[in-house]
Amino acid sequence: NNCVGFFNYRYFLLFLLHLAAGCVFVMCTCLLGHLQGHDLLSARNSSVLFVAVLCSSVLCALGIFLFWHVYLVLTNQTTIEFYSNRMDAMEARREGRTFRNQYSLGYRANAEQVFGPRTRSYLGWT
C-alpha cells in the first residue's frame with residue numbers, strides 16, 4: 001500500500017517545499033545568530049553552528065528529493081514508470097526510434113493534473 005498516491009501527491013510536494021523553506025529559515029537564522037555572537041567558541045554558539053550544519057545537510061538531501069519529484073510531476077510519471085520508461089527508451093534507441101512518454105501532456109498540463117488549474121499563485125495550491 002502506497003501512502004502517496006494521485007489524490008494526495010500535491011500535498012506531499014507542498015509538504016516537501018515547506019519543509020525545505022523551513023530548513024532554509026532555521027539555517028539562516030542560526031548562521032545570522034552565530035555571526036553576531038562575540039564569543040565564537042562558547043557552548044551556545046557551537047550548538048547553534050551544529051544546528052545550522054545539520055539543517056544544511058538535511059536541506060541538501062531534501063532538495064534532491066524535492067527536485068526529483070518535481071521532475072516526475074513535470075514529465076507525468078511515477079517512480080516505477082520512470083524506470084520502465086527508461087528501459088523502453090533504451091530499447092527504442094537501439095532500434096533507431098525515438099521514445100516519448102505517452103502520458104506526458106507538456107510541463108504545464110502535467111503540473112495542472114497534479115495541482116489543479118492555476119488560480120492566483122503556484123505556491124497557493126492547496
Q | Whole-Hz ³J(HN,Hα) from phi, Karplus 6.51 cos²θ - 1.76 cosθ + 1.60, for region 20-30, glycine and proline x | A | 5, 5, x, 5, 5, 4, 5, 5, 5, 5, 5
Q | Net lengthening on full extension, THR75/SER104 (0.36 nm per residue, minus Cα-Cα) | A | 9.9 nm
**Q.** region 91-108 - phi-based ³J(HN,Hα) in whole Hz, Karplus 6.51/-1.76/1.60, Gly and Pro as x
**A.** 5, 5, 5, 5, 8, x, 9, 9, 9, 9, 5, 6, 9, 6, 10, x, 4, 5
**Q.** Cα→Cβ-extended label distance, 7 Å offset, between LEU35 and ALA21, nm
**A.** 2.3
Q.
If you split all Cα-Cα distances of region 39-116 into 10 Å bins from zero, what percentages do you get per bin, shortest first?
A. 16, 28, 22, 14, 12, 7, 1
Q. Using a simple spin-label model with points 7 Å from Cα along the Cα→Cβ vector, what separation in nm is obtained for ALA89 and LEU54?
A. 3.8
Q) Spin-label point model (7 Å from Cα, Cβ direction): what's the PHE82 to GLN113 distance in nm? A) 1.6
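Coordinate-derived values only; no laboratory data. Just so you know, these numbers come straight off a predicted model, no measurement behind them. Positions of Cβ are backbone-derived with ideal geometry, glycine not excepted, and every protein chain shown enters the neighbour counts.
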